[in-house]
1. Does region 26-49 hold any residues that are at pLDDT below 95, farther than 13 Å from CYS63 by Cα and not in a strand (DSSP E or B), and which are they?
2. Against the definition (modelled with pLDDT of 90 or more and part of a helix (DSSP H, G or I)), how does GLU61 come out, yes or no?
3. Give the residue, chosen from ALA45, ALA16, that is in contact with a strand residue (DSSP E or B) (Cβ under 6 Å, 6 or more places away or on another chain), among the hydrophobic types (A, V, I, L, M, F, W, C), farther than 10 Å from CYS69 by Cβ and surrounded by fewer than 16 Cβ atoms within 10 Å (Cβ to Cβ).
4. Need pairs with beta-carbon distance below 8 Å; first residue of a type in the set (Gly, Ala, Ser) and within region 38-50, second assigned to a loop (DSSP other than H, G, I, E, B) and surrounded by 12 or more Cβ atoms within 10 Å (Cβ to Cβ); sequence gap 6+ or separate chains.
5. Starting from region 64-91, keep only residues that are surrounded by 18 or more Cβ atoms within 10 Å (Cβ to Cβ) and at pLDDT 85 or above, then list their pairs with residues that are part of a strand (DSSP E or B) and among the acidic types (Asp, Glu) whose Cβ atoms are within a distance under 7 Å, requiring at least 6 positions of separation or different chains.
Amino acid sequence: MSKEFIFSTMNKTNKALLIKIEEDFCKGCGYCIEICPKKIFSESAKRNKRGYTLPAIQNIEECLCCKKCELICPEMAISVILREEREAVEE
């Protein structure tokens, strides 16, 4: 089973959101860092079990929920989930 870390908050448009990163899938390409319009992602010293550098998440409340990070990730390691989407999946 893959390890994941989850960040949860309300953004500035009062949308409840989660950003989930599957640690074992991430290969440290940095595409998420480059594409985020609000610079939510940054480089970190944290590594996964294969030695790839994982992104850090900062200022998550600034997230626009544009999902550019999710769409650009070649390993599909990032999920941006709005509460409405999560509730629909859980039903």
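1. ASN48, LYS49
2. No.
3. ALA16
4. SER42/GLN58
5. So the pair list comes out as ALA77/GLU22.
The values are calculated or read from the model by the stated rules, or taken from the named source; none is laboratory data. Not measured: the values here are computed from a predicted model. Backbone-built Cβ (ideal geometry, glycine too); neighbour counts: all protein chains shown.
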